[in-house]
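Input: a single structure, listed below in structure tokens.
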Amino acid sequence: MSALLSRLQVAGLVLILMGGVLVGPFCLYQRLMPSVPDALLGMGGDFTLQSAKGPVSLSDFRGKVVLLYFGYTHCPDACPMALGVMARALNMVSRPWRERVAGLFISVDPARDTPKLLRDYVRFFDRRIVGLTGAPQKLREVAHRWRADFSLPANPGDHYAVEHSTFIYLVNADGQVVSLFDERTAPEEMAMAMQRWLWRVQ
Amino acid sequence: MKFRLLSILLLVCWSLTAQAGEVEVRDAWVSLPPPGAEVVAAYMVVLNMEAQGHRLRRVSCDEASEAEFHAMRRHGNMMQMVHLEGVDLPAGERVVFAPGGMHIMLRGLRRTLKRGEDVHLHLFLEDGRRLDIAAPVRDMR
């Protein structure tokens, strides 16, 4: 039987098989490797704000995949929900990558949220989450570039609520916003997205 | 014979109304506050199994100086917390207080809350009734 196959046919078969071996993983790679949606290009960017340990910049997290959220601690519902989901997602990342992920909680209520209070508040959720805040003007600039909205009352009394957008930003290891989630996103979905960007770092 | 049938019917009706006629709170819980948090949310499900509607007028809490009904509303792409003066309980319906929806906001905690312990809430209905609830503290991390 084998005698019926000419050398040319064998060569053809080998070529087809080799093609499959090369193209298959390439297609898989294309499917698994995430890309940045056009709508998010230009959103975000580096900033420096205050933590309990001094100034912290987004660029300090180069090489890590970061979840970022704007909120405030006098927020009984949305913010603890968001931080809870972020903490669960950070813990779902596979073990070798656990120190390659982090969270940032930016308080837009610096009048009440001191860096020290923020540190204690965010550590409750996960030690990899860092609490940041800054001067009102600085916060407005950062929020504007991140296309986040917040609104403090014009005449705040003793107790006031802050309106704010509830995006959870996924920032890749190059400091680029690559996905938007919120407090209702399943932590599994967030963890999977982080994992895909982590694979790409290697 | 007629009298007996009538009395049985009356008895059945009476037992039915006695079994309905309840406003019940289920699955109440308080989310464990992070250190430094000055406000915390309580959640619950209120069942109005009566034939008429009711209204929650006020809430108080033994462990906090202030308690209010709040709702979360979307305002553009921002979430806004709205203080509710009261909450309607339509006849035969359940009203859910859950994360992302309505909650009871507790402010001015009198002591540090611990996981598993009960927080005591009191709901005041418009008709003057008071419902006392024990809501366990749950760690939502």
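Values for this structure:
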| read-out | value |
| --- | --- |
| Nearest 10 degrees, 0 to 90: helix B:2-19 Cα axis against chain B principal axis | 0 |
| For the protein assembly as shown: lysine pairs under 24 Å (alpha-carbon distance), excluding those fewer than 8 apart on one chain | 6 |
| Per-residue average of Cβ from other chains inside 10 Å of B:70-80 | 5 |
| For B:93-101, mean number of other protein chain Cβ atoms within 10 Å | 2 |
| Among A:81-94, B:65-78, A:54-67, the order from most to least packed when residues are scored by Cβ within 10 Å on average | A:81-94, A:54-67, B:65-78 |
| Pair A:Glu99, B:Asp88: separation of 7 Å Cα→Cβ label points (nm) | 5.8 |
| Residues A:Thr185, B:Thr112 arranged by fewest to most Cβ contacts within 10 Å | B:Thr112, A:Thr185 |
| A:Asp109 long-range amide H proximity, modeled H, under 5 Å | none |
| Shielding by other protein chains, A:77-87, mean Cβ within 10 Å | 5 |
| Largest-first ellipsoid semi-axes for chain A, taking √(5λ) over the Cα gyration tensor eigenvalues, angstrom | 46, 16, 14 |
| A:Arg62-B:Val45 FRET efficiency (beta carbon distance; Förster radius 51 Å; 0.05 resolution) | 0.65 |
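No value in this document is a laboratory result; all are computed from the given coordinates. These numbers come from a predicted model, not from an experiment. Every residue, glycine among them, receives a Cβ derived from its backbone with ideal geometry; neighbour counts consider all protein chains shown.
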